[in-house]
Amino acid sequence: MTKIFVPLLRGYPMTVSYEHRLLFRHEGVLDMEVLSHFVHNIDKALQKEAVRVPLRRRIVSSLIELAQNIIRYSANDEKYPPLLALSRSDQGFILEARNLVHYSQELFLQTYLQNLTQMPRKDLEALHYNTLTEGSFSDSGGAGLGLVQVLFKSDLFEYELIPADGEYSWFSVKATFFHLNI
Amino acid sequence: MSDLTTSEKLIIEPTFTTPEIRFDPEAYYFFIGGNSYPENSLKFYGPVLEWVQNWSQKVVPSSKLLTIEIRLEYFNTSTAKVLLDLLRLFEALHERGQAMQIRWLYLQEDTEMEDAGLDYQAAVKVPFELVAIDE
């Protein structure tokens, strides 16, 4: 377990564990205005955590992609609010996103992510580069690279699709960024 | 046809999610800087692409060096893609004979931004310099 010592006023050390510390959590409707505040505040929070620039970029860029996927493609209302969270654990930083997707998107996501997660890194890099240079935009202005980017930038990528009711499923992504890379 | 200097400037002020854009033909200096993660990058960059396309069709290429500086903080994948479209417009002008350099500015320790710059450097045939800065 990683531990740090915080000196108290009288000089006695206090042990603080990083076991699982929540840095940020939002459960509610997402829009660009809200996201821009999150980006600003999370970047500042990571600076306070002494996270170096490259890792900060990877975490915050991944958060932007996950949030914009929610804004563009998912159910995003008060009845089924999406969730975004960032925490710090012994392992590293954990970015989580959860949102409701229509069953029509579920099969696509399942197949797409199964393929992506099985790809060797070299193939993933090639896909990223080819989509960047040759791909087209979706109607909502996405480049189709968001999840590739998160997979690419994180050290561990997990996802889950759990049925919510007949028409919808909860889609969860958990991206971990290891401490070693801080 | 006219030289670069006769065109109007393109100036777009930055927001939290969109970059500052200053394209100044008179100064032979174009700048893009800040955050770029608009919800719809095509909507934001569409007019910019159109401006560059119209402008580049009008100008007579010259040996006077046009500098394009890019210094981004956070940018989303759709910006990454549209930025390449923009650089390809500049590349077309360079192929017609306009002297040009692209300077990709990034913080010294920011290897992520350096890697992104390397991708663009490989993708366009324009003199492309990666410039590490301290602050």
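The values are calculated or read from the model by the stated rules, or taken from the named source; none is laboratory data. Bear in mind the structure is a predicted one, so any value in this text is a computation, not a measurement. All Cβ positions, glycine included, derive from the backbone under ideal geometry; neighbour counts span all protein chains shown. Surface areas here come from the heavy atoms of the whole protein model, side chains and all, with no ligands, DNA or RNA. Shrake-Rupley method; radii C 1.70, N 1.55, O 1.52, S 1.80 Å.
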Report summary line: Surpassing 26 Å at the alpha-carbon level, of the pairs B:Lys9/B:Lys58; A:Lys48/A:Lys79; A:Lys79/A:Lys174; A:Lys48/A:Lys122; A:Lys44/B:Lys43; A:Lys44/A:Lys174, are A:Lys48/A:Lys79; A:Lys48/A:Lys122; A:Lys44/B:Lys43
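Given Cα positions, please report Rg to Rh for the protein assembly as shown, the hydrodynamic radius being the Kirkwood one. Numbers along the way, then the final one.
On the way: Rg = 21.6 Å, Rh = 21.3 Å.
With Rg and the Kirkwood Rh in hand, the quotient comes to 1.02.
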Requested in this report: Return one number: the angle in degrees, 0 to 90 and rounded to the nearest 10, between the long axis of the Cα atoms of helix B:111-123 and the longest principal axis of the Cα atoms of chain B.
Outcome: 30
**Report entry** Crossing angle, helix B:77-95 versus chain B [Cα axis fit, 0-90 degrees, rounded to tens]
**Finding:** 30
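Using a 1.4 Å probe and counting only protein heavy atoms, arrange A:Arg57, B:Arg22 so the residue with the most accessible area comes first. Could the numbers behind the result be given before it?
Numbers: A:Arg57 10, B:Arg22 85 Å².
Largest accessible area first, the residues go B:Arg22, A:Arg57.
In cubic angstrom, how much convex hull volume per residue do the alpha carbon atoms of chain B span? Walk me through the numbers on the way to the answer.
Values: hull volume 13.1 nm³, N = 135.
In chain B, the Cα hull volume divided by residue count equals 97 Å³.
If you add up the charges near A:Gln114, with Lys and Arg at +1 and Asp and Glu at -1, over every other residue whose beta carbon is less than 15 angstrom from its beta carbon, what do you get? Please list the in-between numbers first.
Working: positive: none; negative: A:Glu106, A:Asp123, A:Glu158, A:Glu160.
So the environment of A:Gln114 carries a net charge of -4.
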Report summary line: Toy charge model, Lys and Arg Cβ at +1, Asp and Glu Cβ at -1: the protein assembly as shown dipole around Cα centroid in debye, rounded to 20, equals 600
Query - Fraction of beta bridges assigned by DSSP in the protein assembly as shown that are antiparallel (%, nearest 5) - result: 70
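In segment B:23-123, which GluC sites (Glu not before Pro) fall in coil by DSSP and have 13 or fewer other Cβ atoms within 10 Å? Please list the in-between numbers first.
Values: sites: B:Glu26, B:Glu39, B:Glu50, B:Glu69, B:Glu73, B:Glu91, B:Glu95, B:Glu109, B:Glu112, B:Glu114; in loops: B:Glu39, B:Glu109.
Sparse-neighbourhood loop GluC sites (Glu not before Pro): B:Glu109.
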Report summary line: Sorted largest first, the C-alpha extents of segment A:16-181 along its principal axes in whole angstrom are 45, 40, 27
Report task. Could you pull the accessible area for A:Thr117 with a 1.4 Å probe, rounded to 10 Å²? Result -> 60
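Using 1/(1 + (r/R0)^6) with R0 = 51 angstrom and r between the beta carbons of B:Leu65 and A:Asp165, what's the FRET efficiency to the nearest 0.05? Intermediate values should be presented prior to the final figure.
Values: r = 62 Å, r/R0 = 1.21.
Efficiency for this residue pair is about 0.25.
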Report summary line: Inter-chain shielding metric for B:75-86, i.e. average beta-carbon neighbours from other chains within 10 angstrom, reads 6
